[in-house]
Amino acid sequence: MRRLGFLSAALLLTAATLTACSAESVEGDDSKPSASGSTAPSGAPGGAPDGGGGLSLADAVKKIPVAEEKRAGYERDSFKHWIDEDDDGCPTRQEVLIAEAVTAPQEGARCTLSGGGWLSYYDEVEVTDAKKLDIDHMVPLAEAWDSGAHDWTPERREAYANDLDAERSLVAVTAKTNRSKADRDPAAWMPPAQSAACTYLVDWTATKLRWDLSADETEQAALIELAEPCTDSVVEYEPAS
C-alpha cells in the first residue's frame, strides 16, 4: 500500500510545537518528520495501544524492554529490500520518495522519478535530486537485528525493512546524514539539526515499540536524558502484525 503524503502538514505542526526541543541543544549503511507536539500529524499511525491519545515521550521510552544486544550472525542481506509489495511498479524506495516529496516528482516508466523536491528533516536541507537522498530505516537494520530481529523469520524481517504502513519507519534524508548515522542508536548519534531532536526521538521510540524491539541500558539511559526537553512530545504507534 502506498503511503499517504503528510510532510507539508508535519512541517507546519513542527514549527508550532517544537518549542520545548529548541530551548535546549542536543548534540549527537542505513538508510520523516512527525510533529512532537500533542497533536499527531496527518497520516501518522493510528492510536497508541493504551487506547488514549498517545503516550508522552518519557512514558513511551519506559515501555521499551531493556535487554542486551546480540549482533552475532547479522548480515544486511537478512533483510530483503526494496520490494514492490503491491505490484504497482514502484519499489519501497520510490514509494517513500513519492510520499515525502514537498514538490511532487514526475513518474516515468518503471517508476523512475524526475524533478520534485524534498526536505531532509535530519539536517533541514532542501533536495531537488532524488539521487542525493537515502531512505533511512529509522531504527537501522543492524540495530533492529541486535534488538530482537535476530529471532525473527525472514518474512518478518522483510516486512520490517519495507514498512510502508507506519509513517515513522522509513524517511528520505540526505545521503550525508544517513551515512553519518550508520547503525548507531541515539546514545551515539542524533540528527545535526536541533529542530529535529524531539521528532527523531519520537520516531525512534515509536518504531521500537511498533516492532517490539528492545534497548540496551546505554540506549535507554540516553533516551531518557535526551527526552527531558521534549515535554510536549507524544508517541503514537500501532504494533506491527
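The values are calculated or read from the model by the stated rules, or taken from the named source; none is laboratory data. The model shown is predicted, which means the values in this text are computed figures rather than measured ones. Cβ coordinates were reconstructed from backbone atoms using ideal geometry, including for glycine residues, and neighbour counts include every protein chain displayed. Please note that ligands, DNA and RNA were not included when accessible areas were found on the heavy atoms of the full protein model with its side chains. Shrake-Rupley method; radii C 1.70, N 1.55, O 1.52, S 1.80 Å.
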If you scan segment 75-88, which residues turn out to be part of a loop (DSSP other than H, G, I, E, B), closer than 24 Å to T174 by Cα and open to solvent by less than 80 Å² (accessible area, probe 1.4 Å)?
F79, H81, W82, I83, D84
Quick one: would you say E238 is open to solvent by 20 Å² or more (accessible area, probe 1.4 Å) and charged (D, E, K, R)?
yes
Among the residues of segment 98-117, what is the count of those that are touching a helix residue (DSSP H, G or I) at 6+ places or on another chain (Cβ under 6 Å) and open to solvent by less than 20 Å² (accessible area, probe 1.4 Å)?
2
